[in-house]
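The next block holds one structure in the form of structure tokens; read it before the comments.
The values are calculated or read from the model by the stated rules, or taken from the named source; none is laboratory data. Since the model is a prediction, treat every value here as computed from it, not as a measurement. Because the Cβ atoms are built from the backbone with ideal geometry, glycine has one as well, and the counts that use them run over all protein chains shown.
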Amino acid sequence: MSVSFHLDPENTLRFGTSRAYRTGSTVDYKGDWYNGAKYQFRGDPNMPSERMDTVEIGYLGDWRDWRMSLDVRRFNEKVYNRLLVIDRDEGNNAIPDAMTAIQDVRMRGVEYQWRWQPFTPTRIVLSQMFIGIDAEFMPSALANTSNSLWNPGNNFAKRSNIDALSEYGTPHRSTSLLLIQKLPYGLEFSAAGYWQRNMKWSINTEALKYRRVDTRLAYPFRWAGRRGELAWIVQSANGSHFEYKAYNNPADRIVERRQWLTLRLDF
């Protein structure tokens, strides 16, 4: 549910709230997996759904005389019953892993997008997001002494990794800058820069902060009455970067500089 107040033709305020649910998969509710040596996984038919409540306030400025706009959103989101597969008892092979509601997670942040067309052939788009995330374990996830999360003696590191996964599951700060420029002879050039803080992909992997620049040079054309485009694309033009890094595993994902040509014909 949302409501917008048009203060004048160029300035708008909006307020909104929403609620969303995410259920698990069929395996999470009905799964039953024993490999002969260990009871690997068992579904929980009573597992709750995740729920996310969102409250936001936004502002849209559309200044057409300046060929400029600004869209800003301030949000507060909370996820209840965050689901994660955990080993409920590492010392007992007869107790299977299970998808379990373990945390409530709160996210507060600001994001905006600024657009400007200073000249007819030139467009600039700047986007940024700033977010803070806090997570706390649900009492039900720690109440059972057979639950491996409860035992601080040998599972403090596991609980710390789960906390880190929740609190750094998205970068706390990210920025993108896009330039689109029309050139003579029908050519079109664009360059995009990305700046991202560190984040965690999973409990055992993370992505380091990085800067990345992509470029694209395109030539739209007409051939035999049909439209087409020939484009030259360069990704990570400023050099390679880690997309994710695995702990104690050499299989890191590194994105190196790459380039290719594309040809498109419209029928």
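Within the group Ala98, Ala94, which residue is assigned to a strand (DSSP E or B) and either crowded, with 16+ Cβ neighbours inside 10 Å or in contact with a Phe, Trp or Tyr (Cβ under 7 Å, 6 or more places away or on another chain) (or both)?
Result of the check over Ala98, Ala94: Ala98.
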Considering every residue within the range 199-214, establish whether at least one is closer than 24 Å to Glu167 by Cβ, aliphatic (A, V, I, L, M) and touching a Leu at 6+ places or on another chain (Cβ under 8 Å). yes
When you go through (1) under 19 Å from Phe189 (Cα atoms); (2) surrounded by fewer than 16 Cβ atoms within 10 Å (Cβ to Cβ) one by one for Ile233, which number turns out not to apply? (2)
Please list, ordered by residue number, the strands (runs of 3 or more DSSP E) wholly in the range 1-77 having 1 or more residues that are exposed (fewer than 11 other Cβ atoms within 10 Å of the Cβ). 2-8, 11-22
Can you name every residue in the range 75-124 that is at pLDDT 95 or above, of a type in the set (S, T, N, Q) and under 26 Å from Met52 (Cβ atoms)? Asn76, Gln113
Which residues, counting only those in the range 1-47, are of a type in the set (Gly, Ala, Ser) and under 30 Å from Leu70 (Cα atoms)? Ser2, Ser4, Gly16, Ser18, Ala20
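Identify all residues within the range 239-261 that are modelled with pLDDT under 85 and either out of contact with any Asp or Glu (no Cβ under 8 Å at 6 or more places or on another chain) or outside any strand (DSSP E or B) (or both); write none if there are none. I'd like the intermediate steps shown before the answer.
Of the residues in the range 239-261, the ones modelled with pLDDT under 85 are 241-255.
Once the filter is applied, which keeps residues that are modelled with pLDDT under 85 and either out of contact with any Asp or Glu (no Cβ under 8 Å at 6 or more places or on another chain) or outside any strand (DSSP E or B) (or both), the range 239-261 yields His241, Glu243, Tyr247, Asn248, Asn249, Pro250, Ala251, Asp252.
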For residues in the range 212-267 being without any contact (Cβ under 8 Å) to a residue 40 or more places away in the chain and of a type in the set (Phe, Trp, Tyr), which is nearest to Ser174 (Cα to Cα)? Phe242
Answer yes or no: is there a residue in the range 120-131 that is within 24 Å of Asn161 (Cβ to Cβ) and loosely packed, with under 15 Cβ neighbours inside 10 Å. no
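Does at least one position in the range 188-195 carry a residue that is at pLDDT below 95 and either out of contact with any His (no Cβ under 8 Å at 6 or more places or on another chain) or under 26 Å from Leu126 (Cβ atoms) (or both)?
Our first condition is that a residue be at pLDDT below 95; within the range 188-195, this holds for none.
Checked the range 188-195: no residue is at pLDDT below 95 and either out of contact with any His (no Cβ under 8 Å at 6 or more places or on another chain) or under 26 Å from Leu126 (Cβ atoms) (or both).
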Expected output for the range 28-50 (first residue farther than 15 Å from Arg82 by Cα, partner among the polar types (S, T, N, Q) and at pLDDT 90 or above, Cβ below 6 Å, 6+ apart or cross-chain) is Trp33/Gln40
